[in-house]
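Working notes, beginning with the structure itself.
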Amino acid sequence: MQDRFVARITQVPEILATPLIPLLGASFSGHISKAELENLIADSGMERNELLLALLPIAAALANPPISDFYVGAIAIGSSGDLYMGANMELAGEALGQAVHAEQNAISHAWLKGEAGIEDIIVNASPCGHCRQFINELVQGSDIRIHLPGQATAPLAHYLPYAFGPKDLNITAPLLTPQSIELALETDDPLLIEALDQANQSYAPYSSNHAAVAIETHDGQVFVGRYAENAAFNPSMMPLQMALGSLMRHNLGFDAIERVVLLESSAGKISLANASVAALGAVTQVQLEHVVAEPC
Ligand code: THU
Ligand code: ZN
């Protein structure tokens, strides 16, 4: 079991901790498959929703909150039935708006793993207004079931009545819907090729700034993030934060970073370069490589 889970596992009921511990080995990064989840339900004898809430201390252990020291854990259940954990990430010394909420990290985790829908979100603290708005951007967002400790499960529509969302801006293919973007770039740099592939899956209906970040670590691993915009603009999630969130889930420190590439469309009405340079500067001396690709 990884060190970060040692203190947290004591908060998990023993009937669940026993079958869970073998999953929390060195390679665990917050993903539990549907089959593993079914096994946990069978082995623990716990009821499904009760078990999902009981996993939250493990999700919260993925957090990196140097400013608040407040650990938030979230779980997103994808349409496939797989479970994706996420936690809050704060960038020490930078504007609070550069932080990522646990719900955003869990949802982006599911998106990066190819989920085209989310059924349930489980959180250990009531989702803030910004997160309710972020969830409302997802396909079928208002129907997503929200599970909180001590509360009856209710759809997002209960937590966000009279919502403003993508439909108000005439967007019919909301977040998680496969996007058909075609940016092109002549390169044989594998990190740029990866960033291009991810930018082609990004969600930027409001600015057309299709964008992605690819991070390479000293040991050659690659972590990616895609831009995910929001109808209300401010709750948008930047690709650098999404990639850093993935690095964090994998139990790597920011000192593992070797290269960071931000790839953006030349057709965007905005650029994420300045904001990304500021955010990156909070965690590493590594300079941002900024690349612009042309729509085909
Ligand atoms: N936080 C979340 O992760 N989700 C919420 O919806 C509530 C707030 C985080 C953000 C910040 O890192 C810390 O909790 C304090 O607000
Ligand atoms: Zn929030």
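Local charge sum around residue 84 (other residues, Cβ-Cβ under 14 Å, Lys/Arg +1, Asp/Glu -1)? Numbers along the way, then the final one.
On the way: positive: 34, 113, 249; negative: 36, 82, 103, 115, 119, 120.
Once positives and negatives cancel, what remains is -3.
Within the listed set 241, 151, 11, the Gaussian network model of the chain (springs between alpha-carbon atoms below 10 Å) gives the highest mean-square fluctuation for 151. Using only Cα atoms, tell me the angle between helix 102-112 and the longest principal axis of the chain; keep it within 0 to 90° and round to the nearest 10. Roughly 70 degrees between the two axes. Under a Gaussian network description of the chain, with springs only between Cα atoms under 10 Å, the residue in 36, 264, 115 that fluctuates furthest is 36.
For the chain, averaging the sequence separation of C-alpha pairs within contact (under 8 Å, six or more residues apart) and dividing by the residue count gives a relative contact order of 13 percent.
Take every DSSP beta bridge whose two residues both sit in the chain, then give the antiparallel share in percent to the nearest 5.
Values: 30 of 42 bridges.
Antiparallel bridges make up about 70 percent of those DSSP assigns within the chain.
For the stretch 3-169, a/c is not less than 1.5, where a ≥ b ≥ c are the root eigenvalues of the C-alpha gyration tensor, and a/b does not top b/c. That puts it in the oblate class.
With +1 on each Lys and Arg Cβ and -1 on each Asp and Glu Cβ, and nothing else charged, work out how big the dipole of the stretch 3-169 is about its Cα centre, in Debye to the nearest 20. If you can, show how the numbers build up before the last one.
Working: 8 positive and 18 negative charges, 26 e Å.
Magnitude of the dipole: close to 120 debye.
Just how large is the dipole of the stretch 183-295 about the Cα centre, in debye to the nearest 20, putting +1 at every Lys and Arg Cβ and -1 at every Asp and Glu Cβ? Write out the running numbers ahead of the final one.
Values: 4 positive and 13 negative charges, 106 e Å.
The calculated dipole for the stretch 183-295 is roughly 500 debye.
Specify whether the C-alpha gyration tensor of the stretch 211-296 places it in the rounded, prolate or oblate class, a ≥ b ≥ c being the square roots of the eigenvalues: rounded for a/c under 1.5, otherwise prolate if a/b is larger than b/c and oblate if not.
Details: a/c = 1.86, a/b = 1.50, b/c = 1.24.
Prolate is the answer for the stretch 211-296, as a/c is 1.5 or above and a/b outweighs b/c.
With the cut-off at under 18 Å, measuring from each backbone N in the stretch 23-59 to a point 7 Å along the Cα-to-Cβ line of residue 14 picks out 43-46.
Please identify, among 14, 229, 119, the residue showing maximal mean-square fluctuation in a Gaussian network model of the chain using a 10 angstrom Cα cutoff. Judging by the Gaussian network model, the answer is 14. When chymotrypsin sites (Phe, Trp or Tyr not before Pro) are flagged only if DSSP places them in a loop and at most 15 other Cβ atoms lie within 10 Å, the longest unflagged stretch of the chain comes out as 71-161.
Axis angle, to the nearest 10 degrees, between helix 34-44 and the longest C-alpha principal axis of the chain: 20 degrees. Helix 190-199 and the long axis of the chain differ in direction by around 80°, with both axes built from C-alpha atoms. Surface composition of the chain: carbon and sulfur atoms hold 51% of the protein heavy-atom accessible area at a 1.4 Å probe.
Placing +1 on each Lys and Arg Cβ and -1 on each Asp and Glu Cβ, with no other charges, gives the chain a dipole about its Cα centre of roughly 700 debye. Using the 1.4 Å probe convention, the accessible area of the chain works out to 42 Å² per residue with neighbouring protein chains retained.
The values are calculated or read from the model by the stated rules, or taken from the named source; none is laboratory data. Remember, it's a predicted structure, so these values are computed and weren't measured experimentally. Methodologically, a virtual Cβ is constructed for each residue, glycine included, from the backbone with ideal geometry; neighbour enumeration extends over all protein chains shown. Calculation scope for accessible area: heavy atoms of the full protein, side chains included, ligands and nucleic acids excluded. Shrake-Rupley method; radii C 1.70, N 1.55, O 1.52, S 1.80 Å.
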